[in-house]
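These notes are about the structure you will find just below.
The values are calculated or read from the model by the stated rules, or taken from the named source; none is laboratory data. These numbers were taken from a predicted model, which means no experiment stands behind them. Don't worry about glycine lacking a Cβ; one is built from the backbone with ideal geometry, like all the others, and counts go over all protein chains shown. These area figures cover heavy atoms from the full protein model, side chains too; ligands, DNA and RNA do not enter into them. Shrake-Rupley method; radii C 1.70, N 1.55, O 1.52, S 1.80 Å.
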Amino acid sequence: VKTAMPGKVVRLILAEGAAVEKGDAVMVVEAMKMQNDLKAPKTGIIKKIRVTEGQTVAAGDVLAIIE
């Protein structure tokens, strides 16, 4: 799961080890004063979440790994 633009992680919706379906919201990132759900690009299991709530992220950063 990658970000399209710089922002701040506001909320983690799912935890490592959670099963996800394609399109499920994984976390919420605030960018340009708007909160955006970052959705799973595929069905699988969240293997690693690489950010914490409140962390600032840059465009293109990998925030979570789904296998």
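Hey, any hits in the stretch 8-24 for a residue that's in contact (Cβ under 8 Å) with a residue 24 or more places away in the chain, assigned to a loop (DSSP other than H, G, I, E, B) and on the phi > 0 side of the Ramachandran plot?
yes
Any idea how many residues of the stretch 16-43 are more than 14 Å from residue 67 (Cα to Cα) and exposed (fewer than 12 other Cβ atoms within 10 Å of the Cβ)?
4
The rows are residues; the columns are (1) at pLDDT below 95; (2) not charged (D, E, K, R).
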residue: 12; (1), (2): no, yes
residue: 28; (1), (2): no, yes
residue: 33; (1), (2): yes, no
residue: 46; (1), (2): no, yes
residue: 50; (1), (2): no, no
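All but one of (1) out of contact with any Ser or Thr (no Cβ under 9 Å at 6 or more places or on another chain); (2) open to solvent by less than 50 Å² (accessible area, probe 1.4 Å) hold for residue 57; state the number of the condition that does not hold.
Against the list (1) out of contact with any Ser or Thr (no Cβ under 9 Å at 6 or more places or on another chain); (2) open to solvent by less than 50 Å² (accessible area, probe 1.4 Å), residue 57 comes up short only on (1).
Counting only residues that are without any contact (Cβ under 8 Å) to a residue 24 or more places away in the chain and among the polar types (S, T, N, Q), how many does the stretch 25-42 have?
Counting residues in the stretch 25-42 that are without any contact (Cβ under 8 Å) to a residue 24 or more places away in the chain and among the polar types (S, T, N, Q) gives 0.
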